[in-house]
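The values are calculated or read from the model by the stated rules, or taken from the named source; none is laboratory data. Please read these numbers as outputs of a predicted model, since none were measured by experiment. Ideal geometry is used to build each Cβ from the backbone, glycine not excepted, and the neighbour counts take in all protein chains shown. The protein model used for the area step is the full one, side chains on, heavy atoms only, and it has no ligands, DNA or RNA in it. Shrake-Rupley method; radii C 1.70, N 1.55, O 1.52, S 1.80 Å.
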Amino acid sequence: MSSADEVDRLIDERPGKELLTPVYDDPAHRVTDFLYRSGGTTAAYMLVTDAGRVIVNTGMGYEAPHHKRLFDAVCPGPTPYIITTQAHVDHVGGVALFREPGTRYVAQANNGACQADDARIAALRIRTAAIWFDISGRRAREIAVENPGVPMRQDAPVPDVTFDHRAALSVGGLDLELISTPGGETIDSCVVWLPGEGICLVSNLFGPLFPHFPNLNTLRGDRYRLVEPYLAAVRTVRDLGPSVLVTGRHEPIRGAELIDRSLARLHDAVDHVHRQTLAGMNEGKDVATLMREVRLPEDLRVGQGYGTVAWGVRTIWETYMGWFSLRSTTELYPPDPSAALAELVDVAGPDAVVDRARARLDAGEPVVAVHLAEAVLRLRPHHDAAVDVMIDAHKALLVAGGDVSFWESGWLRHQIGYWENRRPGPAGQSAIDA
């Protein structure tokens, strides 16, 4: 198999739909003779040394008892260091549970700023995250039963040690280098490099799927992620020349050549989209046109199970241009286009508009059908035929490729369930498997 085919195989083995359900290891999964993984929303890792253990990422607060139980069975401590590769809640949540007297929590210098960003929109984030993630407490209750008496609180830890660019640690004969890579999912992203072993723990630096197009803006809500720092982060890891790449999900990628070619393709794919978007902007093309037109050539194919090219185009556009597209005066004022569309529905008649929406759906234009049905429902919130169009249009979008991206498929399934619950009578069950 050629090296290009190997990269394609790696892409195809890691589809976005697999992110819908976290996989929990039990017992801890042995990656090497000293490196262990405990899977979850994002995996936690343990490096075993002659002086105890180093914990890299700690999971959500409710997951940490599971991770700790698995790691304790291999090496119960002591724990000289805890390291987080970014400050998102699924990395820092269990720091308090792993802390011991003498433990030092190490993070990149922007850790506090990143945690503060999350805290400012925490209530909003919980509501939006429920669309994609199971926050019903089912898994938390299971972990509580498995670990009776162990506290399960979400930590907001303050690092004991921070670094700007690089930091070197030596623990029980194991040398580690922490390298800042702020172009990842957060401004405090970093990687853990083991130079003597050729192992690089990147966690979610490139997202939980590798090599897939980055989420320059995630649908659940977050700050925009900038292209140039992202590309710099890819180059930083590539320059290390790792032979093992340890990510936040799935098995590590092994083989220096495969890793190098994957990183090269990922870099060049994002660079291509960036350059093509800028070229189109300077030619006077609008964002909708560029979202349709910018595509990756076959030799730069990467996965789109997490971020997509079209969403990347839109984020790049708005990063440079902001939200005003210079197309309509209405953009300057609080948006409510559905009110104007409802006026047109009132003139044409709701039934006639629903008939047109159904015809558009049958003609293979589900997005247009959604626009029309939403306009009807703005005027008549309980119009059964419009509700049926919404359900069928979202199912059509799933079938037409909407099941590739974790974020897109999660939203479409959520909308199917929402509209099915709006049908009269007992709430129906979605025909789309979860």
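Of note:
- Surface accessible to a 1.4 Å probe, per residue, for the residues of region 325-431, Å²: 57 Å²
- For the chain, carbon and sulfur atoms together expose 54% of the accessible surface, with a 1.4 angstrom probe and every protein chain in place.
- Cα centre as origin, Lys/Arg/Asp/Glu Cβ charges: region 78-170 dipole, Debye: 180 debye
- Dimensionless Rg ratio for region 328-374, taking C-alpha atoms and the 2.2 N^0.38 Å reference: 1.29
- Pairwise Cα inverse-distance average, inverted: Kirkwood Rh of region 84-197 (Å): 15.9 Å
- Separation of alpha-carbon centers, region 167-225 and region 128-158, rounded to whole Å: 24 Å
- Qualifying lysines (Cα of each under 30 Å from Cα of residue 395; at least 8 residues distant if same chain): 17
- Taking all protein chains as they are arranged and a probe of 1.4 Å, the heavy atoms of residue 126 leave approximately 110 Å² accessible to solvent.
- Split the chain at each of the chymotrypsin sites (Phe, Trp or Tyr not before Pro) in a DSSP loop with at most 14 other beta carbon atoms within 10 Å, and the longest piece is 1-223.
- Segment residue 256-residue 165, length gained on full extension (0.36 nm per residue, minus Cα span): 30.3 nm
- Solvent-accessible area per residue for region 126-250 (1.4 angstrom probe, square angstrom): 42 Å²
- Shape index of region 373-420: Rg/Rh, with Rg the Cα radius of gyration and Rh the Kirkwood radius from the inverse mean 1/r over Cα pairs, equals 1.03.
- In the chain, the longest principal axis of the Cα atoms and the axis of helix 309-321 are about 90 degrees apart.
- Summing Cβ point charges (Lys, Arg +1; Asp, Glu -1) relative to the Cα centre of the chain gives a dipole of roughly 640 debye.
- As a ratio to 2.2 N^0.38 Å, the alpha-carbon radius of gyration computed for the chain takes the value 1.07.
- Two-site label geometry, residue 147 and residue 338: point separation in nm, points 7 Å out along Cα→Cβ: 4.1 nm
- Here, P(r) means the percent of Cα pairs in each 10 Å bin from 0 to the largest distance; for region 287-327 it is 26, 52, 19, 3.
- Net charge in the neighbourhood of residue 121 (other residues with Cβ under 13 Å of its Cβ; Lys, Arg +1, Asp, Glu -1) is +2.
- Debye-sum result for region 256-369 in log10 I(q)/I(0), which assumes one identical scatterer on each alpha carbon, at q = 0.10, 0.12 Å⁻¹: -0.49, -0.66
- When you filter the trypsin sites (Lys or Arg not before Pro) in region 75-176 for DSSP loop state and at most 12 other Cβ atoms inside 10 Å of their Cβ, you are left with 153.
- Degrees, to the nearest 10: 337-348 long Cα axis against longest axis of the chain: 30 degrees
- GluC sites (Glu not before Pro) within region 189-290, DSSP loop, no more than 11 other Cβ atoms inside 10 Å: 283
- Largest-first ellipsoid semi-axes for region 176-292, taking √(5λ) over the Cα gyration tensor eigenvalues, angstrom: 28, 15, 12
- Over the residues of the chain, the helix contribution to mean residue ellipticity at 222 nm works out to -13000 deg cm²/dmol, using -39500 (n - 2.57) for each DSSP H run of at least 4.
- Here, region 22-152 is characterised by an Rg to Rh ratio of 0.96, where Rg is the alpha-carbon radius of gyration and Rh the Kirkwood radius.
- The relative contact order of region 145-246, computed from alpha carbon pairs under 8 Å that lie at least 6 residues apart in sequence, is 23 percent.
- Expressed as a whole percent, the proportion of Cα-Cα pairs in region 322-420 lying more than 23 Å apart is 34%.
- Dipole-positive endmost among 148, 39, 394 within the chain (Cβ charges, Cα centre): 148
- Residue order by solvent-accessible surface for 265, 423, 314 is 314, 423, 265, largest first, with ligands and nucleic acids left out and a 1.4 Å probe.
- Solvent accessible area, Å² - residue 330, 1.4 Å probe, full protein context: 100 Å²
- Pairwise centroid distance, computed over Cα atoms, of region 333-383 with region 26-99, Å: 51 Å
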